[in-house]
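Take a look at the structure set out below.
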There are 2 protein chains.
Amino acid sequence: MDISAFFPVWNNLEESDRNALNAAAIDRTFFKGEILHRSSEECTGLILVRSGQLRAYTVSPEGKEITLYRLLDGDICLFSASCIINSISFDITLSAEKDTAVTVVAADVYKRIMKKSAPLSNFTNEIMASRFSDVMWLVEQIMWKSFDKRLAEFLMEESNIEDSLTLKITHETIGNHLGSPREVVTRMLKYFAGEGLVSLSRGTVTLSDPVRLAALARD
Amino acid sequence: MDISAFFPVWNNLEESDRNALNAAAIDRTFFKGEILHRSSEECTGLILVRSGQLRAYTVSPEGKEITLYRLLDGDICLFSASCIINSISFDITLSAEKDTAVTVVAADVYKRIMKKSAPLSNFTNEIMASRFSDVMWLVEQIMWKSFDKRLAEFLMEESNIEDSLTLKITHETIGNHLGSPREVVTRMLKYFAGEGLVSLSRGTVTLSDPVRLAALARD
């Protein structure tokens, strides 16, 4: 296995450490809908996304969900290996939104090298800061932004990710991303449809006026 | 200046680095209500809290606030030195909730040493993970908002049963009553304490503001 492409600091690692990391890496494939990781107790390992799309989210005791961030090609998930850092005291759930090819690096090997390698530790810091920034953005969205803008922004993001104006997505799934009940999503989508921003049919949302949707999202 | 007490990894740093960090440290005092840090562009430096209480919060474009976490004696604020990590793309505001004595470590010196020192980099990672955990907890509170009410209700009930505002009860026992892990109870009780709802000492929880607790429970 060669995982060097995921690590900008690869050439700053010692050769023995590079070899140990490669030896601790295993390729796996997950099908759309599969859950890769559920609890911090699992410490599945560092997940490197080779292709596909993962969703990181948190689940309430009652089963409600909200999306924290997405992981795409080249991204690394640290929190699937949360045992490498003692102070991580939260759980995320990771599921495949598309068929996804990943490489999993054993947490104990990564941790051993990170503990003694300043380059790897600093790189790990950057990964965490990047996810932290995603979550801070989410906090600000939840706290300050009204639901219509969040929904418009979500539709624009999805459209970018899918590279299509027609999204195959249910109102319930949208609700899970945004942490909102399905009824709230349906109501707002109907309002958007009435305004000519989207058109709705069973299982799809089509962005009819992406320019105005983008303006609403930015607002 | 001797800042060693703030760094559990102090003895694992090189002597020249320890000297450089001490030389880059300046004591400052902030009065209750003063703002220590406002934007990531300032890169004020690493703030070490010697005594007092700081509040880290985020402010909306309209001036609304939400508390992210508190910093007490012995705590370190990393995000007042966010320029040390490239991927931090959010701002926090820091203000003094009590008269507060801090030591500020120059960001450029800290960054230079962190980049080459695995122990300091790993410790920085732990600080960030700890704050990240605080913010994830907040996200869950904001989104699901049930445990605080259940805990408030439980404390009111216990107080009625015991006919006392001081409850001799461990966090573990409360967790057992509510079907929640001890850590979750501890964290929420600390949050309540920060809000002035309860005061905590070993083996006891005192209801400092039963009127507001009752309102929270009913809410």
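The values are calculated or read from the model by the stated rules, or taken from the named source; none is laboratory data. Every value quoted in this text rests on a predicted model; they were computed, and no experiment measured them. No Cβ is skipped: glycine too gets one built from the backbone with ideal geometry, and neighbour counts run over all protein chains shown. Accessible surface areas use protein heavy atoms only, side chains included; no ligands, DNA or RNA. Shrake-Rupley method; radii C 1.70, N 1.55, O 1.52, S 1.80 Å.
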**Request:** Looking at (1) buried (at least 18 other Cβ atoms within 10 Å of the Cβ); (2) without any contact (Cβ under 8 Å) to a residue 40 or more places away in the chain, find the lone condition where B:L46 falls short.
**Result:** (2)
**Request:** Out of the residues in the range B:102-122 that are β-branched (V, I, T) and out of contact with any Cys (no Cβ under 9 Å at 6 or more places or on another chain), state the one that is farthest from B:I35 (Cα to Cα).
**Result:** B:I113
**Item:** Candidate set from the range B:58-75 (those that are touching a residue at least 60 places away in the same chain (Cβ under 8 Å) and either more than 12 Å from every other protein chain (Cβ to nearest Cβ) or touching an Asp or Glu at 6+ places or on another chain (Cβ under 7 Å) (or both)); member that is surrounded by the fewest Cβ atoms within 10 Å (Cβ to Cβ)
**Value:** B:G74
**Request:** Could you grab me the full set of residues in the range B:61-114 that are over 12 Å from the mean Cα position of the chain (by Cα) and basic (K, R)?
**Result:** B:K64, B:K98, B:K111, B:R112
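Of all residues in the range A:175-197, how many are more than 25 Å from the chain's Cα centre (by Cα) and either crowded, with 16+ Cβ neighbours inside 10 Å or in contact (Cβ under 8 Å) with a residue 40 or more places away in the chain (or both)? Before the answer, list the steps.
As a first pass, look at the range A:175-197 and keep what is more than 25 Å from the chain's Cα centre (by Cα): A:187, A:190-197.
Adding the requirement that they be either crowded, with 16+ Cβ neighbours inside 10 Å or in contact (Cβ under 8 Å) with a residue 40 or more places away in the chain (or both) leaves A:191-192, A:197.
Final tally of qualifying residues: 3.
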**Asked** So which residues in the range B:127-137 are open to solvent by less than 30 Å² (accessible area, probe 1.4 Å) and either of a type in the set (S, T, Y) or at the interface with chain A (Cβ under 7 Å from one of its Cβ atoms) (or both)?
**Response** B:M128, B:A129, B:F132, B:S133, B:V135, B:M136
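Just the residues that are among the β-branched types (V, I, T) and touching a Cys at 6+ places or on another chain (Cβ under 9 Å), please, taken from the range A:123-164. Explain how you work it out, then say what you get.
Filtering the range A:123-164 for residues among the β-branched types (V, I, T) gives A:124, A:127, A:135, A:139, A:142, A:161.
Passing the criteria: only A:I127.
Might you let me know whether the range B:81-94 holds any residue that is open to solvent by 40 Å² or more (accessible area, probe 1.4 Å), more than 7 Å from chain A (Cβ to nearest Cβ) and touching a residue at least 40 places away in the same chain (Cβ under 8 Å)? Spell out the reasoning first.
Restricting attention to the range B:81-94, the residues satisfying the condition of being open to solvent by 40 Å² or more (accessible area, probe 1.4 Å) are B:83, B:86, B:89, B:91.
Of the ones still in play, those that are also more than 7 Å from chain A (Cβ to nearest Cβ) are B:83, B:91.
If we keep only those that are touching a residue at least 40 places away in the same chain (Cβ under 8 Å) too, we end up with B:83, B:91.
Yes, the range B:81-94 has at least one match.
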**Fill in**
Cβ pairs under 7 Å, 6+ apart or interchain, first in the range B:198-218 and within 16 Å of B:R187 (Cα to Cα), second loosely packed, with under 15 Cβ neighbours inside 10 Å and at pLDDT below 90, ordered by first then second residue, are none
**Message:** Anything in the range A:194-211 that is at pLDDT below 90 and in a helix (DSSP H, G or I)? List them, or say none.
**Reply:** A:G194
**Request:** Using the structure shown, decide if A:M114 is among the aliphatic types (A, V, I, L, M) and either within 25 Å of A:T204 (Cβ to Cβ) or surrounded by 19 or more Cβ atoms within 10 Å (Cβ to Cβ) (or both).
**Result:** yes
**Item:** The listed residue being surrounded by fewer than 19 Cβ atoms within 10 Å (Cβ to Cβ) and either within 14 Å of chain A (Cβ to nearest Cβ) or over 17 Å from A:L178 (Cα atoms) (or both), out of B:E153, B:E140
**Value:** B:E153
**Item:** Members of the range A:151-174 that are touching a residue at least 40 places away in the same chain (Cβ under 8 Å) and assigned to a helix (DSSP H, G or I)
**Value:** A:L151, A:A152, A:E153, A:L155, A:M156, A:S159, A:I161
